[in-house]
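Some notes on the structure that comes next.
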Amino acid sequence: MASAALELIGFFLGLLGLLGTLVATVLPYWQISAHIGSNIVTAVANMRGLWMECVYQSTGAFQCETYNSMLALPSDLQASRALMVISLVLSVLAIGIAALGMQCTICLEDSGAVKSRVAGAGGGLFFTAGFLALIPVAWTTHEVVQTFYRPTIPSSMKFELGECLYVGLASALISMLGGGMLCVSCCEERDGGRGRRQGGGYPYPAGGGVSGGAGARTTSQTYRNPTLQAGGINPASRGQTLIRSGTGSSELSTHGLQGAKKPAAAGYDITGYV
């Protein structure tokens with residue numbers, strides 16, 4: 001039950017990471033113009049993203065323009081685009097594969113080992129997708145910080161960290177965390193598969209194996225009928241004792257004390273059975 005809950009948490013974390021990565025990829029808030037120095041009071045704010053560049057004016061006008069040529073873009077921007085798209089594709093595949101291997105689904109339920117491996121494969125894809133999304137976010141953050149503290153660049157051309165960088169960083173970490181939780185399900189195969197209990201327990205005593213064949217049946221029979229297994233009091237002798245009970249209370253007490261001595265059965269207290 002705990003492993004199934006862990007898989008559900010990992011799956012929903014991976015799904016949340018996919019949504020955050022999609023938002024960070026589409027929106028243009030990767031770099032925002034910095035209002036410092038002579039540019040502290042301005043009527044125009046510039047924003048850059050992976051697919052477009054937008055301008056926000058103080059009058060409320062918001063205009064965006066997509067990049068006209070993909071080959072004319074810088075190499076780091078092209079690589080960021082490719083990594084974010086690959087991360088989204090892997091996250092979608094991870095959702096489908098993890099749904100097949102999770103314990104709460106009915107797919108592949110005939111073979112528990114294969115089901116756990118499929119769930120682990122989905123977790124690995126989630127982890128890879130999060131790592132790929134983390135690379136462009138970290139690289140863009142490094143470039144923005146280095147450019148901001150470069151003295152040769154004028155203040156009007158400096159940018160600050162946008163909201164998409166924070167969203168992308170959180171989404172990448174969440175996807176990696178969810179993928180790690182799903183990968184834990186592969187380790188359960190060492191204990192003989194998921195959903196199996198090892199060792200003795202109720203209704204079998206400690207030391208009596210559940211899959212012990214004839215030994216398990218003998219132990220269970222001894223537990224249910226300990227009198228017959230231990231060679232207890234003969235039913236005929238018990239009937240004679242009841243017939244002679246009318247002779248006197250003292251004789252009944254004597255027979256009662258003798259009948260109170262009951263044999264012990266193979267490690268069990270069967271006092272209440274006779």
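Extending 7 Å from the Cα toward the beta-carbon at both CYS64 and VAL114 defines two label points whose distance is 4.5 nm.
Over the stretch 15-159, the Kirkwood radius and the radius of gyration, each from Cα atoms, give a ratio Rg/Rh of 1.15.
If I stretch the segment between VAL23 and ALA170 completely, what's the gain in nm (0.36 nm per residue apart, minus their alpha carbon distance), one decimal? Provide the component values of the computation, followed by the final result.
Values: separation 147, 0.36 × 147 = 52.92 nm, distance 1.17 nm.
Contour length minus the Cα-Cα distance gives 51.8 nm.
Three principal axis extents of the stretch 78-124 based on alpha-carbon atoms, in descending order, are 45, 14, 10 Å. Which shape class applies to the stretch 52-99: rounded if a/c is under 1.5, otherwise prolate when a/b exceeds b/c and oblate if not, where a ≥ b ≥ c are the square roots of the Cα gyration tensor eigenvalues? Judged from the Cα gyration tensor, the stretch 52-99 comes out oblate (a/c at least 1.5, b/c at or above a/b). Taking the number of Cβ atoms within 10 Å of each Cβ as an exposure proxy, the fewest-first ranking of ILE97, ILE106, ILE135 is ILE106, ILE135, ILE97.
Ordering GLY101, LEU165, PHE126 by the projection of their Cα atoms onto the charge dipole of the stretch 91-182, which places +1 on the Cβ of Lys and Arg and -1 on the Cβ of Asp and Glu, puts LEU165 at the extreme positive end. When the label point is put 7 Å from the Cα of THR147 along its Cα-to-beta-carbon vector, which residues of the stretch 157-171 have a backbone N closer than 13 Å? The answer is 157-162, whose backbone nitrogens lie closer than 13 Å to the label point.
No lab work stands behind these numbers, since they all come straight from the coordinates. Every value quoted in this text rests on a predicted model; they were computed, and no experiment measured them. Here Cβ is always computed from backbone atoms with ideal geometry, including for glycine, and neighbour counts include all displayed protein chains.
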